[in-house]
Amino acid sequence: MRIAFIGLGNMGGGMAANLAKAGHEVRAFDVSEDALAHARQSGCQTSSSAAEAADGAQAVVSMLPNGKIVRDVYLQEVIGHAPADAVLIDCSTIDVATAREVEGLAAKAGYAMVDAPVSGGIAAAAAGTLTFMVGGSEDGFARAEPILSAMGKAVIRAGEAGAGQAAKICNNMLLGIHMIGTSEAFRLAERLGLDPQTFYDIASVSSGQCWSMTSYCPVPGVGPETPADRDYQGGFAAALMLKDLRLAMEAAELAGATTPLGAHAKDLYEGFAADNGGLDFSAIITSLE
Ligand code: NAD
């Protein structure tokens, strides 16, 4: 299948490479020359604009930084440039309102479009083990699913347009909250004289158990290997967690939802990411010293 891929950064670079590896003809575009050179090395052909990549494509996949860029790229370079029977798949994490607006405009022009944000970081993008949460029509999902499967281990339909973004920000709001909760519990346990490994052995089989504890423990040397064991390098940057918490709070306000812990988690990550945005988000535990 001929696929246009727009946005070849930390995530998109690995995802486009996996589509090429699966035998697709990938026409890739990014505003960065380095990203284009890397895409050529991983089996993609490159284009000089998003519109050129979209021309003649059966599918367009994008992995871009934010909603404004997604909106500009689709309105100016994809809609009206890709053939009307192409399926459009935006994998970026953006606000629900923009996702719905762009999908509505694409539908008006006759395209099937889905929002398909991911769970899993740069390593999962490179390994082809992402989880995709998909919003859009049943037809759009059916057409996007085989393409997304070549880049991930799970592809789940969340509902209509914007539902993928909604699932993603609700999931990440919960993740931010329980990472802070896990960090506080370990710090308090330590202050009360408990050995962190002993507390882990108890809590990981008790009712405090959660993913932040047993799969991504913020304490070095406890649980499976995590960014905490590498001085919080790599993993999921605190700046990206802050981005997702801001999107969640924006959505909560628009939807009239009450999310006091989400708001507090956003404030804590705002303070932390100001100087430590490049560290893994589990490094928030170091702000509780
Ligand atoms: P990144 O900054 O590494 O990559 C974004 C790429 O888009 C860059 O290469 C940039 O040059 C390119 N770009 C910007 N404007 C463009 C335009 N107009 N046309 C073409 N290309 C353009 O970011 P990333 O880490 O790859 O993240 C991409 C998306 O994935 C974001 O929405 C992010 O929130 C989401 N995400 C990231 C992670 C992660 O761990 N990095 C995890 C889950 C989701």
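Only residues that are assigned to a loop (DSSP other than H, G, I, E, B), closer than 17 Å to residue 119 by Cα and not hydrophobic (A, V, I, L, M, F, W, C): list them for the stretch 202-250, please.
Of everything in the stretch 202-250, those that are assigned to a loop (DSSP other than H, G, I, E, B), closer than 17 Å to residue 119 by Cα and not hydrophobic (A, V, I, L, M, F, W, C) turn out to be 215, 216, 226, 234, 235.
Which residue is most open to solvent (accessible area, probe 1.4 Å), if the candidates are limited to the stretch 123-155 and must be under 24 Å from residue 280 (Cα atoms) and either in contact with a helix residue (DSSP H, G or I) (Cβ under 7 Å, 6 or more places away or on another chain) or among the basic types (Lys, Arg) (or both)?
153
How many residues does the stretch 1-46 contain that are open to solvent by 40 Å² or more (accessible area, probe 1.4 Å), assigned to a helix (DSSP H, G or I) and within 10 Å of the ligand (Cβ to nearest atom)?
Residues that pass the stated criteria total 3.
Condition first: closer than 18 Å to residue 147 by Cβ and open to solvent by 20 Å² or more (accessible area, probe 1.4 Å). Now tell me which residues in the stretch 62-72 satisfy that.
Those that are closer than 18 Å to residue 147 by Cβ and open to solvent by 20 Å² or more (accessible area, probe 1.4 Å): 63, 64.
Taking the stretch 236-266 as the search range and keeping residues that are touching a Ser or Thr at 6+ places or on another chain (Cβ under 8 Å) and of a type in the set (Gly, Ala, Ser), which one is surrounded by the most Cβ atoms within 10 Å (Cβ to Cβ)?
248
Which ones in the stretch 214-234 are open to solvent by less than 60 Å² (accessible area, probe 1.4 Å) and polar (S, T, N, Q)?
214, 215, 226 - these are the residues of the stretch 214-234 that are open to solvent by less than 60 Å² (accessible area, probe 1.4 Å) and polar (S, T, N, Q).
Looking only at the stretch 195-249, which residues are in contact with a helix residue (DSSP H, G or I) (Cβ under 7 Å, 6 or more places away or on another chain), charged (D, E, K, R) and within 25 Å of residue 126 (Cα to Cα)?
Selection gives 244 alone.
So which residues in the stretch 26-65 are more than 14 Å from residue 78 (Cα to Cα) and among the basic types (Lys, Arg)?
40, the sole residue that qualifies.
From the list 89, 69, exactly one residue is of a type in the set (Val, Ile, Thr), near the ligand (Cβ under 9 Å from one of its atoms) and either part of a strand (DSSP E or B) or not assigned by TED's automatic domain parsing to the domain that holds residue 246 (or both). Which is it?
69
Looking at the stretch 148-162, which of its residues are within 29 Å of residue 21 (Cβ to Cβ) and either assigned to a helix (DSSP H, G or I) or not aliphatic (A, V, I, L, M) (or both)?
Passing the criteria: 148, 149, 152, 153, 157.
Quick test for you: out of 99, 109, 126, pick the one residue that is more than 12 Å from the ligand (Cβ to nearest atom) and not hydroxyl-bearing (Ser, Thr, Tyr).
109
Please verify whether residue 115 is within 17 Å of residue 172 (Cα to Cα) and of a type in the set (Asp, Glu), treating the condition exactly as stated.
Answer is yes for this residue.
The values are calculated or read from the model by the stated rules, or taken from the named source; none is laboratory data. All figures in this text were calculated on a predicted structure; none of them were measured in a lab. For neighbour counting, all protein chains shown are included, and Cβ atoms are generated from backbone atoms with ideal geometry for every residue, glycine included. Just so you know, the surface numbers come from the protein's heavy atoms only, side chains and all, with ligands and any DNA or RNA stripped out. Shrake-Rupley method; radii C 1.70, N 1.55, O 1.52, S 1.80 Å.
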